[in-house]
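Before any comments, here is the structure.
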Amino acid sequence: MKLFTLFQKFLIIFHICDYFATSYGLYSNIFIKTLLRDTHQNLAVDCIVSASYKHIPCGTMFTLVYSAYFIDDVNKLLSNKSCYSFLSRSFEIRKWRTWTDVYIFFTKNYHEMYTSFTTLSKDVVWNPRAYFFIIINHLREVEYSEVFNVLMNLNIFNVLLITKSEEGIFSAYIYHALEEGSCGRSLNKIEKINDCRNIHSIRMNYSYLDHKFRNCIISVAATEDMPNVIFQSKEVNKRPRKVEKGIEQYILDNIAEQENFTLQYINADSKHEFGVILSNSTITGLLGYLHNNTASIVIGGLMLIKNRVSLFDYIWGYDAASFCIFTPALREKNWKKVYQEFGVGTWLLICFSYLFVTVVITMSRRLLMGHEDKGRVILKIWGYLYGQTDMEMIKFKKMKKIVIFWIWFTFFLTSFYNSALYSLLSRNVEVNLKIDINSLSTLPWEPCISNAMRTFYKFTFNGTLPANTKADCQLTDNALDTVANNNKYYALEMDYSYHMRQTYYLDENGNPKLKVWKYASDLMLAMYTTRGFPLQNKFHRYATFHLESGLLQRQRAAIYHQYVTPNNHHKNTFKIFHLSDLRVHYAILIIGYTISFVCFIIEINRNYLRN
């Protein structure tokens with residue numbers, strides 16, 4: 001019994017010792033791993049904090065983007081200086097509204113880094129020109145180049161990558177993609193930094209990159225849109241003369257010559273839509289060249305709208321346009337101009353003058369001469385309007401002054417009338433229509449609107465235009481041609497599109513076929529670039545300089561002189577008068593002859609019966 005009791009005590013003591021031994025081994029492993037992780041974490045945090053204190057000025061906004069790493073330590077240490085502002089964001093949050101100068105990203109691995117950057121780079125206030133501290137907890141050596149390729153495609157060049165090697169050793173890296181002709185398109189070198197104190201500067205803009213693009217090739221996607229972009233198209237080849245550069249081509253070519261780099265133009269189809277950003281972040285049209293990194297700049301008369309600037313940078317300030325309604329230019333028929341020489345008030349005054357003179361002369365002659373045929377006197381007074389004088393009326397001395405006054409009045413009246421009538425008949429007079437341009441549904445015409453203008457209207461004025469009733473309205477030229485040759489339709493286009501083809505919309509007498517109503521003005525044109533394009537600020541300064549120095553005005557005048565000024569002038573002489581144009585005058589003459597003939601027959605019958 002005692003032996004059994006001793007054996008039980010031994011087993012209990014053995015199990016207790018074994019438990020402590022096992023626990024000690026487990027805790028030792030956990031401690032070692034935690035120590036390694038804490039060491040890496042401390043080194044990464046110390047690197048960010050020391051570099052920030054040394055190179056980033058007070059007042060800078062930091063944005064901390066993280067999943068679950070290091071955030072408290074970095075925030076706490078940076079807050080000790082009491083001069084930085086902070087925003088904390090997770091990867092899932094979208095639609096940021098605050099601009100930032102420094103980003104600190106904390107990610108687990110390459111996959112999380114790739115997902116977070118491709119997602120958050122679509123935000124409205126994403127700033128690729130900021131400085132980026134990127135901590136990736138687990139990163140294989142073969143993935144280093146993939147990380148920097150992602151950053152390079154997003155135009156992020158101010159970056160410090162902090163990670164630990166597969167052996168758990170702390171490492172920091174920067175990359176070079178602008179040296180030795182790399183031009184931001186390929187990795188030139190990945191440089192390892194063993195001590196963060198060796199970081200000599202931190203840049204939070206791209207001004208230092210201005211000279212890095214010399215001797216580089218910059219791709220420009222363009223669609224022909226005169227006068228902004230002009231290629232050797234059929235439209236230009238109709239005139240066998242020197243092809244002038246479009247406004248936007250002229251700006252870019254001058255910049256390239258000045259800065260010593262080469263432009264490589266990608267001629268997109270003229271039927272290519274300009275493009276917008278859909279609600280699901282899909283990029284359409286010409287902007288797809290930027291989204292796919294096929295081109296760094298797109299040009300071709302793109303308007304500056306809020307939808308596009310949410311994902312792309314832009315160069316603006318060099319030109320503006322007006323959004324116009326184009327309707328048929330309805331002209332008055334010549335025969336209707338017989339009463340348009342004077343206004344309503346003048347015609348009433350003439351009628352009152354005739355009645356006044358008729359009453360005065362008739363009553364005066366009756367008082368002075370007794371009984372007299374009133375109708376005959378009234379017709380004689382009327383005859384002076386047609387140059388038919390009467391010697392009997394002027395022989396009566398007491399009435400002579402009144403008759404002379406009437407003769408001079410009718411002389412000037414008929415002279416002015418004939419001059420005004422000839423002026424009206426020899427020029428184009430448009431019908432003055434009163435329409436409400438703000439209510440397109442009430443216009444007395446059917447819509448013929450190009451696809452580009454429909455898209456622009458939708459994303460600029462947040463409205464939908466009525467559907468076309470004619471199929472051939474997809475392109476700008478087709479829409480304007482349809483309206484010019486058919487009085488049933490109206491179009492919406494930019495004013496410069498009409499001015500470049502203005503000579504096509506004149507009739508045989510040189511009168512315009514289209515009437516222009518301004519819908520909106522001072523709409524800015526823009527050349528769009530990839531987000532973070534390093535030379536965007538420099539290009540913008542050059543563009544505004546071209547405008548303010550008058551270079552663009554001179555180039556525009558050269559374009560208009562070559563493509564708009566007609567080579568074949570209209571005939572100097574042409575038939576403007578037709579017999580039908582004088583129908584009112586002939587109607588009055590025929591009515592007068594008819595009345596005279598009827599009166600003549602009545603007088604003959606009366607004399608016959610009397611005899």
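The values are calculated or read from the model by the stated rules, or taken from the named source; none is laboratory data. This is a predicted model, so every value here is computed, not measured. Positions of Cβ are generated from backbone atoms using ideal geometry, with glycine treated the same way; all protein chains shown enter the neighbour counts. All accessible areas refer to the heavy atoms of the entire protein, side chains included, with ligands and DNA or RNA removed. Shrake-Rupley method; radii C 1.70, N 1.55, O 1.52, S 1.80 Å.
Got a sec? Which strands (runs of 3 or more DSSP E) wholly within the range 136-231 have at least 2 residues that are open to solvent by less than 60 Å² (accessible area, probe 1.4 Å)? Talk me through it step by step, then tell me what you get.
Working: elements: 159-164, 170-176, 189-193, 217-222.
Fully inside the range 136-231 and qualifying: 159-164, 170-176, 217-222.
Which members of the range 107-134 meet the condition of being under 28 Å from H200 (Cα atoms), open to solvent by less than 10 Å² (accessible area, probe 1.4 Å) and not in a helix (DSSP H, G or I)?
T107, W126, N127, P128, A130, F132, F133, I134
Would you confirm whether or not the range 162-174 contains a residue that is among the hydrophobic types (A, V, I, L, M, F, W, C) and under 26 Å from F312 (Cβ atoms)?
Within the range 162-174, the subset among the hydrophobic types (A, V, I, L, M, F, W, C) is 162, 169-170, 172, 174.
Adding the requirement that they be under 26 Å from F312 (Cβ atoms) leaves none.
No.
Criterion first (of a type in the set (G, A, S) and more than 30 Å from N307 (Cβ to Cβ)) does S121 satisfy it?
Values: of a type in the set (G, A, S): yes; more than 30 Å from N307 (Cβ to Cβ): no.
Here the answer is no, as S121 does not meet what is asked.
So in the range 260-290, with the set limited to residues that are without any contact (Cβ under 8 Å) to a residue 12 or more places away in the chain and open to solvent by 40 Å² or more (accessible area, probe 1.4 Å), which one is nearest to the chain's Cα centre (by Cα)? Show your work before the answer.
Initially, the range 260-290 is screened for residues without any contact (Cβ under 8 Å) to a residue 12 or more places away in the chain, giving 278-280, 282, 284.
If we keep only those that are open to solvent by 40 Å² or more (accessible area, probe 1.4 Å) as well, we get 278-280, 282.
Working: L278: 17, S279: 20, N280: 22, T282: 20 Å.
If we take residues in the range 260-290 being without any contact (Cβ under 8 Å) to a residue 12 or more places away in the chain and open to solvent by 40 Å² or more (accessible area, probe 1.4 Å), then L278 is nearest to the chain's Cα centre (by Cα).
Pairs under 6 Å by beta carbon, first residue assigned by the TED database to the domain that holds S186 and closer than 16 Å to I104 by Cα in the range 144-156, partner modelled with pLDDT under 95 and β-branched (V, I, T), six or more apart or different chains?
Between residues of the range 144-156 that are assigned by the TED database to the domain that holds S186 and closer than 16 Å to I104 by Cα and residues that are modelled with pLDDT under 95 and β-branched (V, I, T), the close pairs are L151/V159.
From I378, I407, I394, grab the single residue that is more than 22 Å from C599 (Cα to Cα), surrounded by 10 or more Cβ atoms within 10 Å (Cβ to Cβ) and modelled with pLDDT of 75 or more.
On the way: I378 fails: more than 22 Å from C599 (Cα to Cα); I394 fails: modelled with pLDDT of 75 or more.
Exactly one residue qualifies, and that residue is I407.
I'd like the full set of residues that are touching a residue at least 12 places away in the same chain (Cβ under 8 Å), open to solvent by 50 Å² or more (accessible area, probe 1.4 Å) and within 17 Å of P328 (Cβ to Cβ), limited to the range 434-467.
Matches in the range 434-467: E446 only.
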